[in-house]
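J.: Here it is, the structure in full.
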Amino acid sequence: MANALLIDTTEGETLRLAGAGAWTSTNAQPLEQEIDAAARRHAAAKQVAIDMGAVERLDTFGAWLLERLVRAFEGHGATTEIVGLKQDYRALIDELRQVKLEGPTRAPVNPVVAALAAVGRNIAGVGDTLVAVLNMLGAICVAFGRVIAHPRRFRFTSLVHQLDNVGWKGVPIILLITFLVGAIISQQGIFHFRKFGADIYVVDMIGILVLRELGVLIVCIMVAGRSGSAYTAELGAMKMREEVDALRTMGFDPVEVLVLPRILALIIGVPILTFLGSLAALYGGGLVAWLYGGIDPDIFLQRLKEAIDVKTFEVGMIKAPFMALVVGVVACVEGMKVKGSSESLGLQTTASVVESIFLVIVLDGFFAIFFASIGM
Amino acid sequence: MVAGNGKAKETVIEARGVTVGFGERLILNGVDLDVYRGEILGFVGGSGAGKSVLMRTIIGLLPKRGGKISVFGQDMDIAGDAERQAVERRWGVLFQQGALFSSLTVKENLQFPLREYLRLSQRLMDELALAKLEMVGLDASVLDKIPSELSGGMTKRVALARALALDPDIVFLDEPTSGLDPIGAGDFDTLIATLQRTLGLTVYMVTHDLDSLHTVCDRIAVLAEGKIIAAGNMDAMLASEHPWLKAYFRGKRSRAGHVAEAAAQARLAPQR
């Protein structure tokens, strides 16, 4: 800083401070240092006169720093006087005079306690989410019952629209991904099985793995990322803008109007996608088996017929609607949890995808135990 | 143009032949407008007439099809990034819904422009945030709240404080008193007038509030049919015979309507 913004001279008992230059936001940083230095240097002064006559411009930043200087001297019991201030700036200074700095002071928080509290809140949050999921499941059942009793109340247009988004528009990407996964499994299987001369058992592996587990799992993970996140974001934005409250005050049940069509669209859409995805995976596996493993399509099909039966296919398809339900319910619960801020919308959307994928995999484990015990 | 006090006034915003349209529809069709330093300009027009569109065009949020806009003498079409930023640093905008950053606290909202444009100590920023907040009539208790916890009036006040954070030369206010109760709206008008006086602000205010127009606006500009159909002080508006202006300023809901009626009756009374 080339030019001093504050010049101090002493005249007998009186300390004279003369401001200079522009006391504006751009000079606020050097000005603050000069003001604090002056206040420290002349802490013993009893009479202070601040001459603002040479200050070219003054804005809130400069005016506040002047106020801070005055308060510092008055804090030491000095009498201060501001002279030469332009009339235009008088109102601003008077305004800042009123500012009271003492806010409510908060007690310092122990970081260890805070960390433990955060862990506790998170664990309690898991319980709350489970309760909320059960709550939503109940509300959906009630709404479904009402719709069955009065079919005209059902929002068929909404269902078709959601089905288009979830099912039809998702077909290309689901087909592509399952095709690739089928191809990769086939290639890896052939590569490793060849060592034992057991190439042909790749067909058994692909058939059982894809139809029982992978088809439905991959589709559900894709749907959770594609449609579950969209549900959470849509419902969350509606919640933020009080659209959900508006529905409620008009006498509509948001679960019936918003949630039910979305969940039904998933329950219808995911099995269809699973079926298509499984076919694509088998196709990809077969193609690689033929081109890479030298297994003729005829032999592949022959072997597939022996390896799998309708039961294998049923196991995968039975799981699909349940997993769709889990994805949908979690997405809607998280959407309804969104509060006012955009940050919470992001957090809830992330939580929705992570939780639904986690729950889909857990559910798959339970199904494995279930099917094993009934011998499927 | 010569202002009321006879002093030639500096033009801070100059719009010439501004044309804005969406698709087939022309919203603004050759708008000419001058805003002078230190005045409070009230901007009125029917709903959907394009008041907000013009404001958003001036501040560069909407593209225009034709015309020229200069702010502080800087033609905004030919301004480079640095020049544009220099102008943007000198204006503050209060959006209709406040547009506070919803994931930041009130304090962080107020300090956001300070932090980005200036290098200040944390202490000074804290003090300034509180000072601005008290200038708009709030106190330290809201500093750590997040915007969704504020009432409508508080949101507007915080948004105004943020618009004023960098001590702008112009503030654009988009319907600052809509959604406030009459007392709150009156306070807000007083606040804007006080700030305009203390900070030497130029205020560009889009409003429907006839009381605001009466009490604080130095000049009123009227937008209709895509053009400025009138600009002048309240007396000029009241004297105008344009049918829309008559309906707006002398209609049933206007104070002028009541005043004019009362005056007419008072004038008639002694004659009887």
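J.: Just checking, which of B:Met125, B:Met135 is modelled with pLDDT of 85 or more and within 11 Å of chain A (Cβ to nearest Cβ)?
T.: Sole residue among the options that is modelled with pLDDT of 85 or more and within 11 Å of chain A (Cβ to nearest Cβ): B:Met125.
J.: Further question: State whether the residues of the stretch A:14-32 include one that is farther than 22 Å from B:Leu166 by Cα, of a type in the set (D, E, K, R), under 54 Å from the mean Cα position of the chain (by Cα) and more than 14 Å from chain B (Cβ to nearest Cβ).
T.: No, every residue in the stretch A:14-32 fails to be farther than 22 Å from B:Leu166 by Cα, of a type in the set (D, E, K, R), under 54 Å from the mean Cα position of the chain (by Cα) and more than 14 Å from chain B (Cβ to nearest Cβ).
J.: Read through the list (1) aliphatic (A, V, I, L, M); (2) surrounded by 24 or more Cβ atoms within 10 Å (Cβ to Cβ); (3) more than 20 Å from A:Thr349 (Cα to Cα), then give the number of the only condition that A:Leu266 fails.
T.: It fails just one condition, (3).
J.: In the stretch B:181-205, which residues are open to solvent by 40 Å² or more (accessible area, probe 1.4 Å), within 14 Å of chain A (Cβ to nearest Cβ) and in contact (Cβ under 8 Å) with a residue 40 or more places away in the chain?
T.: Answer for the stretch B:181-205, where residues must be open to solvent by 40 Å² or more (accessible area, probe 1.4 Å), within 14 Å of chain A (Cβ to nearest Cβ) and in contact (Cβ under 8 Å) with a residue 40 or more places away in the chain: just B:Gly200.
J.: Still on this model: List, please: which pairs have Cβ atoms under 7 Å, are six or more places apart or on different chains, and start with a residue in the stretch A:349-370 that is modelled with pLDDT of 95 or more and surrounded by 20 or more Cβ atoms within 10 Å (Cβ to Cβ) and end with one that is small (Gly, Ala, Ser) and not in a helix (DSSP H, G or I)?
T.: Sorted first by the residue in the stretch A:349-370, then by its partner, the list stays empty.
J.: B:Arg16 versus (1) of a type in the set (D, E, K, R); (2) closer than 29 Å to B:Phe188 by Cα; (3) touching a residue at least 24 places away in the same chain (Cβ under 8 Å): which is the lone unmet condition?
T.: It fails just one condition, (2).
J.: Surrounded by fewer than 20 Cβ atoms within 10 Å (Cβ to Cβ), under 26 Å from A:Leu258 (Cα atoms) and not polar (S, T, N, Q): is that true of A:Phe156 in this structure?
T.: Yes.
J.: A further question on this structure: Can you name every residue in the stretch B:168-180 that is buried (at least 22 other Cβ atoms within 10 Å of the Cβ) and among the aliphatic types (A, V, I, L, M)?
T.: Of everything in the stretch B:168-180, those that are buried (at least 22 other Cβ atoms within 10 Å of the Cβ) and among the aliphatic types (A, V, I, L, M) turn out to be B:Ile170, B:Val171, B:Leu173.
J.: Based on this model, can you work out whether A:Gly145 counts as within 14 Å of chain B (Cβ to nearest Cβ), at pLDDT below 95 and either assigned to a helix (DSSP H, G or I) or more than 30 Å from A:Leu282 (Cβ to Cβ) (or both)?
T.: Judged against the criteria, A:Gly145 is not a match.
J.: Please tell me if B:Gly23 is farther than 23 Å from B:Asp75 by Cβ, among the small types (Gly, Ala, Ser) and open to solvent by less than 10 Å² (accessible area, probe 1.4 Å).
T.: Criteria not met by B:Gly23.
J.: What number of residues within the stretch A:231-252 are open to solvent by 70 Å² or more (accessible area, probe 1.4 Å), of a type in the set (Ser, Thr, Tyr) and either within 25 Å of A:Val166 (Cα to Cα) or in contact with an Asp or Glu (Cβ under 6 Å, 6 or more places away or on another chain) (or both)?
T.: 0
J.: Considering only the stretch B:75-89, I want to know if a residue exists there that is more than 22 Å from B:Arg219 (Cβ to Cβ) and touching a residue at least 60 places away in the same chain (Cβ under 8 Å).
T.: yes
J.: Among the residues of the stretch A:2-49, how many are open to solvent by less than 30 Å² (accessible area, probe 1.4 Å), of a type in the set (Ser, Thr, Tyr) and either in contact with a strand residue (DSSP E or B) (Cβ under 6 Å, 6 or more places away or on another chain) or under 17 Å from A:Gly84 (Cβ atoms) (or both)?
T.: The qualifying residues number 1.
J.: Which one is surrounded by the most Cβ atoms within 10 Å (Cβ to Cβ), of the residues in the stretch A:78-98 that are of a type in the set (Ser, Thr, Tyr) and under 20 Å from A:Leu15 (Cα atoms)?
T.: A:Thr80
J.: Follow-up question, since we're still on this one. State all residues of the stretch B:101-112 that are of a type in the set (A, V, I, L, M) and more than 10 Å from chain A (Cβ to nearest Cβ); if no residue qualifies, say none.
T.: Those that are of a type in the set (A, V, I, L, M) and more than 10 Å from chain A (Cβ to nearest Cβ): B:Val106, B:Leu110.
J.: Still on this model: I'm trying to understand the selection: among the residues of the stretch B:152-167, which are more than 10 Å from chain A (Cβ to nearest Cβ) and open to solvent by less than 30 Å² (accessible area, probe 1.4 Å)?
T.: Residues satisfying the conditions are B:Gly153, B:Thr155, B:Lys156, B:Val158, B:Ala159, B:Leu160, B:Ala161, B:Ala163.
J.: State the number of residues belonging to the stretch B:138-147 that are at the interface with another protein chain (Cβ under 9 Å from one of its Cβ atoms), buried (at least 16 other Cβ atoms within 10 Å of the Cβ) and not in a helix (DSSP H, G or I).
T.: Of the residues in the stretch B:138-147, 2 are at the interface with another protein chain (Cβ under 9 Å from one of its Cβ atoms), buried (at least 16 other Cβ atoms within 10 Å of the Cβ) and not in a helix (DSSP H, G or I).
J.: When residues of the stretch A:27-49 are filtered for being in a loop (DSSP other than H, G, I, E, B) and charged (D, E, K, R), how many remain?
T.: Here the count works out to 1.
J.: Ok, one more. From the list B:Arg56, B:Arg115, B:Arg65, which one is more than 12 Å from chain A (Cβ to nearest Cβ) and surrounded by 17 or more Cβ atoms within 10 Å (Cβ to Cβ)?
T.: B:Arg56
J.: Looking at A:Leu347, A:Leu325, A:Leu359 in this structure, which one is within 14 Å of another protein chain (Cβ to nearest Cβ), under 22 Å from the mean Cα position of the chain (by Cα), closer than 30 Å to A:Leu235 by Cβ and not hydroxyl-bearing (Ser, Thr, Tyr)?
T.: Exactly one residue qualifies, and that residue is A:Leu347.
J.: What residue, among those in the stretch A:50-77 that are part of a strand (DSSP E or B) and open to solvent by 10 Å² or more (accessible area, probe 1.4 Å), is farthest from the other protein chains (Cβ to nearest Cβ)?
T.: A:Asp51
J.: Turning to a different aspect of this structure: Has the stretch B:207-216 got at least one residue that is in contact with a Leu (Cβ under 8 Å, 6 or more places away or on another chain) and either part of a helix (DSSP H, G or I) or among the hydrophobic types (A, V, I, L, M, F, W, C) (or both)?
T.: For the stretch B:207-216, residues in contact with a Leu (Cβ under 8 Å, 6 or more places away or on another chain) and either part of a helix (DSSP H, G or I) or among the hydrophobic types (A, V, I, L, M, F, W, C) (or both): absent.
J.: Here is a list: B:Ala269, B:Ala263, B:Ala256. Which entry is at pLDDT below 80, open to solvent by 50 Å² or more (accessible area, probe 1.4 Å) and in a helix (DSSP H, G or I)?
T.: Result: B:Ala269 is the single residue among B:Ala269, B:Ala263, B:Ala256 that is at pLDDT below 80, open to solvent by 50 Å² or more (accessible area, probe 1.4 Å) and in a helix (DSSP H, G or I).
J.: Among the helices (runs of 4 or more DSSP H) contained in the stretch A:153-244, which hold 2 or more residues that are under 21 Å from A:Ile318 (Cα atoms) and touching a residue at least 40 places away in the same chain (Cβ under 8 Å)?
T.: A:156-166, A:171-193, A:201-208, A:215-223
J.: Hey, can you tell me all the residues within the stretch A:107-119 that are in a helix (DSSP H, G or I) and either open to solvent by 90 Å² or more (accessible area, probe 1.4 Å) or farther than 27 Å from A:Cys332 by Cβ (or both)?
T.: The answer is A:Pro111, A:Val112, A:Val113, A:Ala114, A:Ala115, A:Leu116, A:Ala117, A:Val119.
The values are calculated or read from the model by the stated rules, or taken from the named source; none is laboratory data. None of these values were measured; they are calculated from a predicted model. FYI the Cβ positions are ideal-geometry reconstructions off the backbone, even for glycines, and counts take in every protein chain you see. Note: accessible area is taken over every heavy atom of the protein model, side chains too, but ligands, DNA and RNA are not part of it. Shrake-Rupley method; radii C 1.70, N 1.55, O 1.52, S 1.80 Å.
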